Structures are given as structure tokens and as C-alpha cells.
Amino acid sequence: MENEYKIIEPEVGQWHAIVHAKCPRCRKGKMFSPGFFKQKMHKRCPYCDLYFERHPGYFYVSMFVSYALNVAEFVAVGIGTYVLSGGSENMWLYMGLILFATFLLAGFNFKYSRVLQMHYLDPGLRYEPVIAEEAHNIMVEKQQKQEVASV
């Protein structure tokens, strides 16, 4: 008699899912295709098939999150410039470094404003591993049926 062992995957924590830009429902599927400067968000989660843009205009809220990230970056760069320059009063030094940081971190802000919105600011979207697993199994069955039909 063969022993069948079920592999139990450890539960992915929310912080890990946010840092790695994973789906908020299953915490397994990637929300973005690889790349830092060329950001492309998937339409659906590749694991649980969650449609990311839940209704028209859904990501307008992420503009406010992006604004908050930009303000935090402005303050950090301004304070860092002040400390590292020995208290310089040159306005152009601050403006130049802040604008440089803004353009450098634009991709980061785009990506993580959407990730933070979906994980923290959407009251109807939460981690549901059982539903996500069921959706994944249905997707796998559909793919298997399509492969059999195409052969």
C-alpha cells in the first residue's frame, strides 16, 4: 500500500505578499510582470483568476497612495540632503535631488501604490486561501480539458 503525502504549503504572510507584489486574495499569483522600469500589471491573477481592476476607475485611489509615497520620499530626500550637505541653503540642490528621486522612484510608486491599495484600502478584498484554491483547481481543470480537446 502506497502512502500518499499531501504537501502542505506554508501560509504566506501579508508583509511578504506586499513586498513581492502578490495577489491579495491568494498571496501566490504575481500582480505585475517582471521588470522595474517597464511596469505591466496583469489583468487577472495567474493563480486564482482574481480580476484586479474590480470596477471602472478602481485604481483612482492609488493616485492618492502614490501622492503619499511621493511626499514621504520628498521629506526623506530633503532631510538626507540637508544632513549630507552640512546644512546647505542652496534651493537648487534640494530641487534637483528631489526631482531626480521623483523620476527614479516613479516605477516603484506606480507598482506599490496599487499593491498597497489592494491589500489595505479595499474592504471587500481579503486573504481567502480556500476560495483561491478552489478557483485555482477550476482553472487547472479548464486548462486540462482544453489540452485534451486540442489533441
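The values are calculated or read from the model by the stated rules, or taken from the named source; none is laboratory data. All figures in this text were calculated on a predicted structure; none of them were measured in a lab. With ideal geometry, Cβ positions are generated from the backbone for all residues, glycine too; neighbour counts draw on all protein chains shown.
Before moving on, here are some points about what is shown:
- When residue 71 is tested against (1) exposed (fewer than 14 other Cβ atoms within 10 Å of the Cβ); (2) at pLDDT below 95, just one condition goes unmet, and that condition is (2).
- Cβ-Cβ under 9 Å pairs, at least 6 apart or on other chains, region 123-146 side touching a residue at least 60 places away in the same chain (Cβ under 8 Å) and surrounded by 10 or more Cβ atoms within 10 Å (Cβ to Cβ), far side part of a helix (DSSP H, G or I) and among the hydrophobic types (A, V, I, L, M, F, W, C): 125/118; 127/17
- Test: residue in region 17-33 that is within 19 Å of the chain's Cα centre (by Cα), among the hydroxyl-bearing types (Ser, Thr, Tyr) and surrounded by 15 or more Cβ atoms within 10 Å (Cβ to Cβ): no
- Count - residues of region 25-44 that are assigned to a loop (DSSP other than H, G, I, E, B) and more than 15 Å from residue 130 (Cβ to Cβ): 12
- The residue pairs whose first member lies in region 8-24 and is at positive phi and among the hydrophobic types (A, V, I, L, M, F, W, C), whose second member is modelled with pLDDT of 85 or more and surrounded by 11 or more Cβ atoms within 10 Å (Cβ to Cβ), and whose beta carbons are closer than 7 Å, counting only pairs six or more residues apart or on different chains, are 21/30; 21/31; 21/32; 21/111; 21/115.
Here is a yes/no grid of residues against (1) in a helix (DSSP H, G or I); (2) under 28 Å from residue 41 (Cα atoms); (3) of a type in the set (Val, Ile, Thr); (4) out of contact with any Phe, Trp or Tyr (no Cβ under 6 Å at 6 or more places or on another chain):
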position: 80; (1), (2), (3), (4): yes, no, no, yes
position: 88; (1), (2), (3), (4): no, no, no, yes
position: 113; (1), (2), (3), (4): yes, yes, no, yes
position: 125; (1), (2), (3), (4): no, yes, no, yes
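- Filter result for residue 102 (out of contact with any helix residue (DSSP H, G or I) (no Cβ under 6 Å at 6 or more places or on another chain), in contact (Cβ under 8 Å) with a residue 12 or more places away in the chain and not aliphatic (A, V, I, L, M)): yes
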